[in-house]
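Since every read-out is calculated from the coordinates, none of them should be taken as a lab result. Everything numeric here is computed off the predicted structure, so don't read it as measured data. Please note: Cβ atoms are built from the backbone with ideal geometry, for glycine as well, and neighbour counts cover all protein chains shown.
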Amino acid sequence: MWIRVLGSAAGGGFPQWNCGCTNCAGVRAGTLRATPRTQECIALSADGKSWFLLNASPDIRVQLESFPPLQPQRTRHTPIEGILLTSGDLDHCLGLLSLRESQPLVVYATQTVRAGFVEENAFARTLQRFDGHTTWHRLEPGRVQALHSSQRGNSGLTVLPLLVEGKPPLHFLGFPTPGEEHTIGFIVSESSSGKSLAYFSSVAKITERLCALLDEVDLLFFDGTFWSEDELIQAGVDRKRSWELAHLPISGVNGSLRALERVRCPARVYIHVNNTNPILRDDSPERQIVTQAAWQVAVDGMEFRI
Ligand SMILES: [Zn+2]
Ligand SMILES: [Zn+2]
């Protein structure tokens, strides 16, 4: 399986347009050892020809242009066979609206995420311009599904969606939400090799079941949004703690670094990194801690082959 990181930052990207925190100001000024990042999105493929995206970020246009295998092979064409959404947060699905130029799209999402996107949303009609414009496949947590290729039928990949503790998107606050399946993670497996990838970019709680599943995978992408629970407060940008935003921090007694210490997965990568997170600085003590614990920090353009 080919895996390409198209975007690695949390919502807002790095730097974020309205943020003057130490990281954002430093990366703009060129005074930090850090690399700008677009918002989280991954491309994967079993054969290098049919590609699937995990999430559709607001940066999708530049992300697709950054990777030739995702570009059209003829006048009107895309090698993107499907887009899988982890949640209805805008940093994960707003990019769908940028793909509105009359190209059939296939989107895999839970019933809750699909309803949240299409119901009472006039903008979503731009993806319904003709019969078959957008095909939604329902992801049912706990049920393995094949990912289809329009050319070959079988893409060679299956996905197991798993419900994780999360929260409704911010734009649903004070509004009835269409169901409970707000946040999922994926285990994507390649049938021919038996290799698999776990993708959990938003996780509020690590359960024993999750750890057991992660033991079996070859590559893990995990929620690297915040280093500490009070990171936004320390940075002076918000009053919310990480748990209020449904992200488990990396550090601390209950953090992911410690909780995933015993997981046997041979390659692990923090992704969806918020612009306030000190692990973005290549020479920070926090980066050193995650590196010493055998974690990598995702950066745009990173590739893996499993
Ligand atoms: Zn996000
Ligand atoms: Zn910032």
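Please work out the FRET efficiency for the pair His133 and Leu173, using the Cβ-Cβ distance as r and a Förster radius of 30 Å; give the result to the nearest 0.05.
After rounding, the FRET efficiency stands at 0.50.
Under 26 Å Cα to Cα from Lys205, which lysines show up? Leave out anything in the same chain fewer than 8 places away.
Lys167, Lys195, Lys240
Can you bin region 129-195 into rounded, prolate or oblate? Criterion: square roots of the alpha carbon gyration tensor eigenvalues sorted a ≥ b ≥ c, rounded for a/c under 1.5, prolate for a/b above b/c, oblate for the rest.
Oblate.
From the convex hull of the Cα coordinates of region 1-93, what is the mean projected area in square nanometres?
Result: 7.1 nm².
Suppose we keep just the alpha-carbon trace of region 62-189; what are its Rg and Dmax in angstrom?
15.0, 46
Hey, what number do you get for the chain at 222 nm if only DSSP H runs of n ≥ 4 count, each worth -39500 (n - 2.57), divided across all residues, to the nearest 500?
Estimated from H runs of four or more residues: -3500 deg cm²/dmol.
How large is the Kirkwood hydrodynamic radius of region 184-282, in angstrom, based on all distinct alpha carbon pairs?
This gives a value of 14.0 Å.
Mean projection of the alpha-carbon convex hull of the chain over all orientations, in nm²?
Approximately 15.5 nm², given one-decimal rounding.
Highest GNM mean-square fluctuation, the chain, Cα pairs closer than 10 Å: which of Leu260, Leu160, Leu170?
For the chain, modelled as a Gaussian network with Cα springs under 10 Å, the answer is Leu170.
Can you give the net charge of the other residues whose Cβ lies under 13 Å from the Cβ of Thr291, counting K and R as +1 and D and E as -1?
0
Using unit Cβ charges (K, R positive; D, E negative) and no other charged atoms, how large, in debye to the nearest 20, is the dipole of region 230-306 about its Cα centre?
320 debye
Whole-Hz Karplus ³J(HN,Hα) for region 247-262, in order, using 6.51 cos²θ - 1.76 cosθ + 1.60 and θ = phi - 60°, x for Gly and Pro?
10, 6, x, 6, 8, x, 4, 9, x, 5, 4, 6, 5, 9, 3, 8
For the chain, set up a Gaussian network in which alpha carbons nearer than 10 Å are linked by springs, and say which option among Gly12, Gly88, Gly224 fluctuates the most.
Of Gly12, Gly88, Gly224, the Gaussian network model singles out Gly12 as fluctuating most.
Pop the C-beta distance of Asp47 and Ala212 into the FRET formula with R0 = 41 Å and round what comes out to the nearest 0.05.
The formula returns an efficiency of 0.85 here.
Work out the length of the dipole vector of region 1-130 about its Cα centre, built from +1 on the beta-carbon of each Lys and Arg and -1 on the beta-carbon of each Asp and Glu, and round it to the nearest 20 debye.
340 debye
Based on other C-beta atoms within 10 Å, arrange Ser201, Ser228, Ser192, Ser66 from fewest to most.
Ser192, Ser66, Ser228, Ser201
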